[in-house]
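The values are calculated or read from the model by the stated rules, or taken from the named source; none is laboratory data. Note that this is a predicted model, so its numbers are computed, not measured. Quick reminder, even Gly has a Cβ in these numbers, built from the backbone with ideal geometry, and neighbours come from all protein chains shown. Accessible surface areas use protein heavy atoms only, side chains included; no ligands, DNA or RNA. Shrake-Rupley method; radii C 1.70, N 1.55, O 1.52, S 1.80 Å.
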Amino acid sequence: MNDYQRMIETFHAELGIPRSFADACKIPLQSEAVDLVCIGEDIFGREQYLTPDAGDHWQLMRTAAFENNIELQIISAFRSVNYQCELIRNKLEQGQSIDDILTVNAAPGYSEHHTGQALDIGTPGCKPLTEAFEDTPAFTWLQENAHQYGFKMSYPKNNSYGIIYEPWHWSFHG
């Protein structure tokens, strides 16, 4: 077991994620990106980052969508393992159970956001991170075009990962 895996196990123990999680999880352990570039601000005014290749393709895809009168907005991109832990800690403090949290948020070490190649996408007029995104022209455009830029939706309906349907979550695969 390497240092990264030990760190993930420590975080899991702290958050109450069962030791059996790693063996049962269908999502592979994700490496944390170190080479990141700024891709602009998200809808909250925070700078967001992706790996250089994913960032270049995001910019190309966003421009192409804009040329088709579709505005793609960044909701979230790279998240460190520490940031993912904070998200889960906050939900635990609000009284949510770890089992419920893990259907919506990947456990630290297992989020595609750690790789710097995933982002949550929104569009004006649609509440962020909701299934309502699937009813927007932006979602239709992504379904028809994202593959041309190396992106695919990670968590479709009835996915095998046990993660809720996330029409807003897209990952770069080159």
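A few points about this structure:
- Folded to 0 to 90 degrees: helix 81-93 orientation relative to the chain principal axis, Cα: 70
- Per residue accessible area of the chain, 1.4 Å probe, in Å²: 52
- Degrees, to the nearest 10: 3-15 long Cα axis against longest axis of the chain: 80
- Protein-only accessible surface order, largest first, of S80, S160, S171 at 1.4 Å: S160, S80, S171
- Here the Karplus curve 6.51 cos²θ - 1.76 cosθ + 1.60, taken at θ = phi - 60°, turns the phi angles of segment 110-118 into couplings of 10, 8, 4, 4, 4, 6, x, 10, 10 Hz, with x standing for Gly and Pro.
- Annotation note: GluC sites (Glu not before Pro) in segment 33-117 located in DSSP loop regions with a Cβ neighbour count of at most 16 within 10 Å are E71.
- Counting only protein heavy atoms and using a 1.4 Å probe, the accessible area of T10 comes to about 90 Å².
- Residue order by solvent-accessible surface for L129, L92 is L129, L92, largest first, with ligands and nucleic acids left out and a 1.4 Å probe.
- For the chain, calculated [θ]222 nm from helices alone, where every DSSP H run of n ≥ 4 adds -39500 (n - 2.57): -10000 deg cm²/dmol
- Carbon/sulfur fraction of accessible area - segment 1-143, other protein chains in place, 1.4 Å, %: 49
- Here the dipole of segment 1-105 is about 260 debye; that uses its Cα centre as origin and unit charges on the Cβ of Lys and Arg (positive) and Asp and Glu (negative).
- With Cα atoms, 0 to 90° folded angle of helix 52-67 axis to the chain main axis: 40
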